[in-house]
1. Does A102 satisfy being within 26 Å of I133 (Cα to Cα), part of a strand (DSSP E or B) and more than 18 Å from the chain's Cα centre (by Cα)?
2. Residues of region 188-244 being closer than 21 Å to N287 by Cα and modelled with pLDDT under 95, which ones?
3. For a quick check of your reading of the model, give me the residue pairs whose first member lies in region 201-221 and is in contact (Cβ under 8 Å) with a residue 40 or more places away in the chain, whose second is among the basic types (K, R), with beta-carbon atoms closer than 6 Å and at least 6 apart or on different chains.
4. Kindly evaluate D81 against the criterion of being of a type in the set (D, E, K, R) and either in a helix (DSSP H, G or I) or buried (at least 23 other Cβ atoms within 10 Å of the Cβ) (or both).
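The values are calculated or read from the model by the stated rules, or taken from the named source; none is laboratory data. Because the structure is a prediction, the values reported are computed rather than measured. Heads up, the Cβs are rebuilt from the backbone with ideal geometry, glycines too, and the neighbour counts pull from every protein chain shown.
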Amino acid sequence: MKKILLLAAAVLTAAACAAPPTNREATTTNANSAAGAKSSAPLSEADAIAKEKQIWGDIQKKDYDGFGSMLTDDFIYVSSDAVHDKAGSINGIKSFEPSDAAFADWKFLPIDKDAGLVTYTVTVKGKNNGQEIPPQPMRASSAFVNRDGKWLGIYHQDTEVMKMPPATPAAKVEKAAPSPASTPATASTSADAVANEKAVWAALKAKDYNAFASFLAPESIEVETDVVNDKAASVKGVQQFDASKSVLSDFKTVKLDDDANLVTYTVKIPGSKPDTFHSSTIWVHRNGKWSALFHQGTPAAAMPMPMPMPSAKAAATKTPAK
């Protein structure tokens, strides 16, 4: 029961911090007044962190309308149980009462002039459905986009911080895989994020780590339950497990802007513990090529997490569980 409550808190916590508020000059902002405040300036690291922290005050005040106004209509939240749409995320926070949140390990990743992403660790105290929840650190990531001069949350994902069991090593081959430092293979990519992601996993299945490395942007980061990797660490990490039997499913894409796309999907890796993950990748178009800038994986829950029952209207629009 304690574990279930912990996982429920993780869902609701991450939904609460899923999206940054718009830049508000006053305590209360309505849609009409915000419409007049246009901004074309790129999102800065300081602004992104401030926005992510500011949302907690609104959640503590139970300002759910305000929270909803901070999200794009196509907002998605990736948790261990499912991929939730905007309606499901708003309804999901209504039984959650945070009393304190401790943040650490902030990292800002610019996407382009109209999009940015922040990752961090958060440990929350509070109640869920009136019961105290044990604090559990989570790795959280939120992407923001500029829509008509307003910075809104379009994506959020959380992953429980924990040690993972040793990965099932890839089968030995007679010839060692080429080093990422050598001449990289040509990786063909496009604006089709699903096709790109399938190509990445095809390279992993073939143990072509040069090709895998060529898919990643130089500044790419990977967020997993036990680690946050830069490009070099990601390339090294994928050589520690056997992806030959991996199966991808449940693809969903969200366009951030003309030069950035997000894809979420489920990947099952037989022999791995855990063996199923909800994963997300942000692909960016730079210098004539689409590259993977960000990736996060969240182990799938063994059973659906308890969530407050949404309204009939929200239930009708809620993204089906992946």
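1. When the stated conditions are applied, A102 passes them.
2. If the condition is that a residue be closer than 21 Å to N287 by Cα and modelled with pLDDT under 95, then S188 is the only one that fits.
3. From residues that are in contact (Cβ under 8 Å) with a residue 40 or more places away in the chain, the pairs are L216/K231; S220/K231.
4. So D81 fails the test.
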